[in-house]
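Some notes on the structure that comes next.
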Amino acid sequence: MGGDIKSPLSGDVRESLEALELEEGDDGAVQSSGAALDADGVAVAQQKKKKKKKNKKTGNGAVSAVDVPEAAANVTSGNGTVEACLGHDEENEIEAEVDEASKKKKKKPKSKKKNSVLEQTDPPSIPVKDLFPSGDFPEGEIQQYKDDNLWRTTSEEKREQERLEKPLYNAIRQAAEVHRQVRKYIRTYAKPGVAMVDLCETLENMVRRLISENGLKAGIAFPTGCSLNWVAAHWTPNSGDKTVLQYDDVMKLDFGTHIEGRIVDCAFTVAFNPQFDPLLEASREATNTGIREAGIDVRLGDIGAAIQETLESYEVEIGGKTFQIKSVRNLNGHSIGPYQIHGGKSVPIVKGGEQTRMEEGEFYAIETFASTGKGYIREDLECSHYMKNFDVGHVPLRLPAAKKLLATIDKNFSTLAFCRRYLDRLGETKYLMALKNLCDQGVVQPYPPLCDVKGSYVSQHEHTIFMRPTCKEVVSRGDDF
């Protein structure tokens with residue numbers, strides 16, 4: 001009974017031991033699988049961080065198609081499924097942020113230019129046509145016809161006729177708007193001590209700019225008249241003139257604009273000394289009387305009588321002496337044609353004139369001259385204004401310089417008036433002999449200054465009116481007069 005003794009185990013005990021070993025093996029497997037899952041979770045988290053960095057760098061936040069399978073590959077089961085779901089949620093959030101960013105980029109700032117209204121500068125420099133891009137320019141003052149022509153106001157036929165002539169109306173209104181803006185500024189520029197040459201060139205350059213000068217299609221209609229004191233009209237300084245505006249001067253500023261040959265002829269008087277106010281008022285009110293009396297079928301002589309009655313009802317005291325104001329009897333208003341400043345009809349400013357009647361569709365310059373002198377003008381002083389005769393045909397010219405000068409005139413002025421300063425501006429030199437030859441041959445007409453008696457004073461006011469089918473329009477009327 002001595003020696004090693006091996007105690008035999010029962011079957012139940014052995015099965016229990018095997019079960020215990022299996023449980024220990026399973027625990028190890030569970031632990032190892034948990035470790036594997038933890039490692040997978042770390043890998044997925046690292047990949048997500050990389051994705052976020054890429055999204056920040058690129059700025060578009062787009063999730064590549066390759067990233068999604070990689071994330072899915074790392075998911076096995078259980079906890080991995082949750083990780084994958086969280087990855088999709090984060091991707092959706094990123095995509096939402098990208099969409100918001102792209103929407104912000106697409107929003108463009110509202111353009112201020114569309115809502116802004118272009119306004120004229122001071123001094124004026126913007127072309128008038130740019131201020132009215134629609135092409136519809138401001139209408140002048142409307143006055144109704146009287147008596148037998150009242151029916152025109154409500155006539156549908158006449159209204160239709162006006163609708164068809166709208167391009168003509170806009171052309172003359174554009175020229176009138178330029179005139180209004182230029183004269184508004186020039187009233188502030190004209191001061192005692194200003195050289196007359198500077199005054200005229202400032203005015204004319206402004207007209208060229210505002211009207212968008214374009215050869216014979218748009219520009220200055222005639223030279224700037226700036227006649228002083230007893231000089232009633234047709235004086236402008238030639239190059240080199242040293243005349244300076246003085247406090248006691250009475251200056252008539254008469255200038256014209258045109259679009260496609262449709263001329264606006266308008267003038268006003270500037271005086272700094274208040275003692276001349278009654279003289280200026282006389283010509284201004286006389287012009288308004290002439291406009292009021294004008295109309296289709298009205299006799300021109302009747303207008304002259306009404307003008308004289310108004311004008312000569314004034315008197316003025318100058319230097320302690322009282323003067324009865326007189327109409328300048330040999331100066332007149334006139335009709336205006338395309339590229340023709342003097343259209344053939346005259347509007348007198350005294351009674352007893354011609355009995356010709358005004359007609360529908362005509363343009364007129366209603367102008368009056370009030371004088372403290374004799375009330376009669378004559379040609380005097382150095383000539384500055386010239387104009388090619390409207391009806392002149394071909395005239396053979398022997399002088400080569402005259403032929404050359406005529407070609408310049410035809411190209412730049414045609415039948416519109418010009419002055420010697422304009423020829424200088426075009427680069428013409430030594431042209432006086434050629435110009436005299438053209439005048440002697442009747443091709444060009446000189447217009448010397450028109451003067452009353454020396455020591456007197458003359459004032460002038462003028463407006464352009466249009467005999468429209470339904471009413472008369474004072475196209476050059478402005479806030480100033």
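When you look at Tyr339, is it farther than 24 Å from Asn170 by Cα, at pLDDT 95 or above and of a type outside the set (Asp, Glu), yes or no? When the stated conditions are applied, Tyr339 does not pass them.
Residue-level analysis places Val392 among those that are modelled with pLDDT under 95 and either closer than 30 Å to Ile318 by Cα or out of contact with any His (no Cβ under 6 Å at 6 or more places or on another chain) (or both). Given (1) surrounded by 15 or more Cβ atoms within 10 Å (Cβ to Cβ); (2) part of a strand (DSSP E or B); (3) without any contact (Cβ under 8 Å) to a residue 40 or more places away in the chain, where does Ile336 come up short, assuming only one miss? Ile336 satisfies every listed condition except (3).
The values are calculated or read from the model by the stated rules, or taken from the named source; none is laboratory data. Since we're looking at a predicted model, the values are computed, not measured. As a convention, Cβ positions derive from the backbone with ideal geometry for all residues, glycine included, and neighbour counts pool all protein chains shown.
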